[in-house]
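Notes to accompany the following structure.
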Amino acid sequence: MVRTTNATRRTEGHIEKRAVIGMRFCTQKTRALVERCLAEQRQHVKKRLAQRLQLDADIMADVKDRLYGRCGRKRKMLHWNRCPKFILDPLIERLCIRANIMPTDTFVDIGSGIGNVVETVATRVGCHAVGLELEKVHHDVAASAKPLFDKYRAEQGLKGTTEFICDNVCNVDEALITNADVVWCANKLFPMKVNGYLIDLFKKMKPGARVIVMNDLYLHTRPEDKAQQEEAFRYFEFDDFHWGPGDVEWTDNPGELFMYTRTDYVYEE
């Protein structure tokens with residue numbers, strides 16, 4: 001199976017950009033044809049990536065409902081009626097496809113809650129997935145459900161392993177993050193201190209590693225902060241996209257997501 005490289009992503013994006021620019025000088029009929037071709041191309045890429053996932057999304061949702069239902073510990077909301085840590089299956093699939101998560105990758109979820117994203121990525125992709133959660137009440141649910149998911153994967157002949165750590169990301173060994181291939185971080189409610197720590201930590205990741213966050217850490221779309229923007233582009237390539245209705249639990253409205261792909265630039269202390 002061919003892995004999409006950064007160069008391939010840039011080339012595909014360049015072709016589409018050229019096509020869009022060229023449409024300015026086309027007739028309405030030709031413009032409609034080009035737009036349809038681009039839409040078909042995007043759909044083909046999405047379908048091709050989705051086909052390599054080893055378990056259908058609907059089946060995975062049923063499995064989670066069943067296994068979490070059998071789990072001895074149950075999820076608790078704590079201080080919020082609806083907690084942003086709970087990401088729904090359409091968005092998890094979008095993360096797998098957008099970040100091109102491979103079976104050989106290590107996936108880390110910072111703020112993993114009950115392990116919903118971790119177990120889904122590990123089971124559908126077949127990779128090693130790690131959940132890092134501060135709240136013990138959430139971690140205990142993930143740890144209690146882990147043997148059930150392990151047994152299911154073994155019975156179905158599915159690859160994928162999981163690991164859960166109960167700690168603050170600022171306290172764990174940096175290598176957990178810097179050696180990861182893909183990091184997911186639903187940092188909507190993270191304190192400024194934690195986000196500040198992650199800003200520097202992600203720069204230490206290996207070339208080609210991908211990070212997806214909900215709150216932009218590098219403000220790369222702000223032209224008024226030119227110095228910070230130039231530094232960010234030395235360390236990362238940026239790919240902003242959106243989640244849609246039904247992708248998260250706490251709202252039906254769409255929202256922004258930010259993906260950073262680490263460049264070859266050497267980290268400077």
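The values are calculated or read from the model by the stated rules, or taken from the named source; none is laboratory data. Treat the numbers as computed from the prediction; the structure is a model and nothing was measured. Every residue, glycine as well, gets a Cβ built from its backbone with ideal geometry; the counts of neighbours run over all protein chains shown. Heads up: the accessible areas ignore ligands, DNA and RNA and are worked out on the full protein's heavy atoms, side chains in. Shrake-Rupley method; radii C 1.70, N 1.55, O 1.52, S 1.80 Å.
Among residues of region 199-211 being more than 16 Å from the chain's Cα centre (by Cα) and not in a helix (DSSP H, G or I), the one that is nearest to residue 258 (Cα to Cα) is 203.
Here region 145-188 is the region considered, the condition is being open to solvent by 40 Å² or more (accessible area, probe 1.4 Å) and among the polar types (S, T, N, Q), and the residue that is farthest from the chain's Cα centre (by Cα) is 156.
Within region 127-140, can one find any residue that is touching a helix residue (DSSP H, G or I) at 6+ places or on another chain (Cβ under 6 Å), assigned to a loop (DSSP other than H, G, I, E, B), open to solvent by less than 50 Å² (accessible area, probe 1.4 Å) and of a type outside the set (Val, Ile, Thr)? Scanning region 127-140 turns up no residue that is touching a helix residue (DSSP H, G or I) at 6+ places or on another chain (Cβ under 6 Å), assigned to a loop (DSSP other than H, G, I, E, B), open to solvent by less than 50 Å² (accessible area, probe 1.4 Å) and of a type outside the set (Val, Ile, Thr).
In region 189-198, the qualifying residues are those that are among the hydrophobic types (A, V, I, L, M, F, W, C) and open to solvent by 50 Å² or more (accessible area, probe 1.4 Å), and the one that is farthest from the chain's Cα centre (by Cα) is 192. Would you check if residue 241 is touching a helix residue (DSSP H, G or I) at 6+ places or on another chain (Cβ under 9 Å), within 22 Å of residue 87 (Cβ to Cβ) and part of a loop (DSSP other than H, G, I, E, B)? Spelling it out, it is not the case that residue 241 is touching a helix residue (DSSP H, G or I) at 6+ places or on another chain (Cβ under 9 Å), within 22 Å of residue 87 (Cβ to Cβ) and part of a loop (DSSP other than H, G, I, E, B). Annotation: of all residues in region 155-176 being touching a helix residue (DSSP H, G or I) at 6+ places or on another chain (Cβ under 7 Å) and part of a loop (DSSP other than H, G, I, E, B), the one that is nearest to residue 110 (Cα to Cα) is 169.
Contact annotation: residue pairs with Cβ atoms under 8 Å, 6 or more positions apart or on different chains, pairing a residue in region 146-170 that is free of Cβ contacts under 8 Å to residues at least 60 places away in the same chain with a partner that is basic (Lys, Arg) and surrounded by fewer than 18 Cβ atoms within 10 Å (Cβ to Cβ), are 153/159; 166/136; 170/193.
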